Every structure is written in structure tokens, then in C-alpha cells.
Amino acid sequence: MSLTSVGRTTLWLGVFILLLACQYRFTNLQIQAPGGMHSIAVEAVYDTSNHVEPHEVLWLALQEGIIRDGNLLLVSKENADLYAQIHLQKSSHTPKKPVNLSEDTYSEVRKKYPASSPPHIASFPNLRITPKYSVEEAWAYLVTVEIYNLKEQKRIFAKQYKLAEKYTTYDPRGTLSSMFLAQEEKFEEDLKGRASLWGRQVIRDFLMSQG
């Protein structure tokens, strides 16, 4: 390689790094906390969904989003400039892909649980329409986030979000007695992943709305 080509390579590398630096600065200057606002508190989730939901996942996800973003300091309400409220308005769980229960499955139930000691109904959460069960379930949350300026005592942000996903409920490697716990674990794992993305989106939406 000639000296001239080395010089050209070095020059282009320098220009590329400079452009990256400029892009980074531009992006971060566009998304920043509103003037005079340095801290935020997040209230526990207000749940009117009429279902027992692990809504603390949403509370933790929004706080994680705030911490990851880094523009606002997460504090208690007493020390906060901003206050976020999360309202879980609706939730739904819809079974998908119903499958017929086999005679083998019924035999397993009869062997494992004698007539004098039937299984608890919670052991079969995905039995929707006898004699069928679902191998996949869809869930959906309708969530509203409001953020208030505590110094001025006014709402400065409000947006509604729909979180929805599908997950597998049935694992043939498991036993009937563990099916309930397995389904709950799969749902919460799926919810945590979707909520994490949602928490980051909320803080981006808020900061962009204040620009």
C-alpha cells in the first residue's frame, strides 16, 4: 500500500468518526428532559382491568426505561420534579389453536388423581372447551401513561398504549400437575420482554413531546 493510499484511508476514517460523533450529539440534543426538570417518580399501577394481572411488571419496566435513558433521575415523589402515573385500563387473554384431548391424556389424569382426590381446577388453566385445550394464548393490555409537572401542578403528557403478544401455553415435556405454573411463567416471561420495550418507548415519547 502506498503512502498516498494510507493517507487517504486515514482521512476517510477520521471523517467517518467525526460524522458519527456529530450524529451522536445531534440525536442526544434532540431528546432531553424539559428545562428545569431533572427527576421523576413513578406511581404504582392503577389497575381497572377486572383481572388479576402481574401489573408490577409495568411499574418496573417504566422505571427501567427511565434509568436506561439517563435524562431523568428516578427518585421518590417527595423529591421529584415530575410524576408518572400508569393506568392498566383493560386486559384480555384469548386461547388460540385448540387441540383435542387424547384418550391417553384422560388416562393420565385418572391414574394420577383418584376419584376421591380430583385435581384442583387451577391445574388446567388452558382447558377452555371440553374436550379441547389451547396450545397458544394471546394477551393484550390497554395502558395509559400520564406525566405531571409537580412544580406547576399540571399534566404535561398523556398517551395510550396497546401491548399485545402471543405465547405458547402447552409444553409436552411437562406434566399436567405443573401445567398451571408453566403457563404462568411463560406469560410473565413474555410480558416482561414486551413491557421492557414499552418502558423505553414511553420515556422516548415523553421527551420527544417536550422538545
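Return the residues of region 33-79 that are closer than 23 Å to Thr94 by Cβ and part of a loop (DSSP other than H, G, I, E, B); say none if nothing qualifies.
Val45, Thr48, Ser49, Asn50, His51, Val52, Glu53, Pro54, His55 - these are the residues of region 33-79 that are closer than 23 Å to Thr94 by Cβ and part of a loop (DSSP other than H, G, I, E, B).
Being closer than 22 Å to Arg200 by Cβ and either within 23 Å of the chain's Cα centre (by Cα) or at pLDDT below 95 (or both) is the filter here; which residues of region 78-109 pass it?
The answer is Leu82, Tyr83, Ala84, Gln85, Ile86, His87, Leu88, Gln89, Ser91.
Going through Tyr133, Tyr161, Tyr167 one at a time, which residue ends up being surrounded by 14 or more Cβ atoms within 10 Å (Cβ to Cβ) and either at pLDDT 95 or above or aliphatic (A, V, I, L, M) (or both)? Talk me through it step by step, then tell me what you get.
Working: Tyr133 fails: either at pLDDT 95 or above or aliphatic (A, V, I, L, M) (or both); Tyr167 fails: either at pLDDT 95 or above or aliphatic (A, V, I, L, M) (or both).
Unique residue meeting the criteria: Tyr161.
Would you confirm whether any residue within region 58-67 is under 14 Å from Tyr148 (Cα atoms), in contact (Cβ under 8 Å) with a residue 40 or more places away in the chain and either among the hydroxyl-bearing types (Ser, Thr, Tyr) or surrounded by 20 or more Cβ atoms within 10 Å (Cβ to Cβ) (or both)?
No - not one qualifying residue is present in region 58-67.
Does region 178-211 hold any residues that are surrounded by fewer than 16 Cβ atoms within 10 Å (Cβ to Cβ), at pLDDT below 90 and part of a helix (DSSP H, G or I), and which are they?
Ser178, Leu181, Glu184, Glu185, Glu188, Glu189
The values are calculated or read from the model by the stated rules, or taken from the named source; none is laboratory data. Keep in mind that what you see is a predicted model, and the values were worked out from it rather than measured. All Cβ positions, glycine included, derive from the backbone under ideal geometry; neighbour counts span all protein chains shown.
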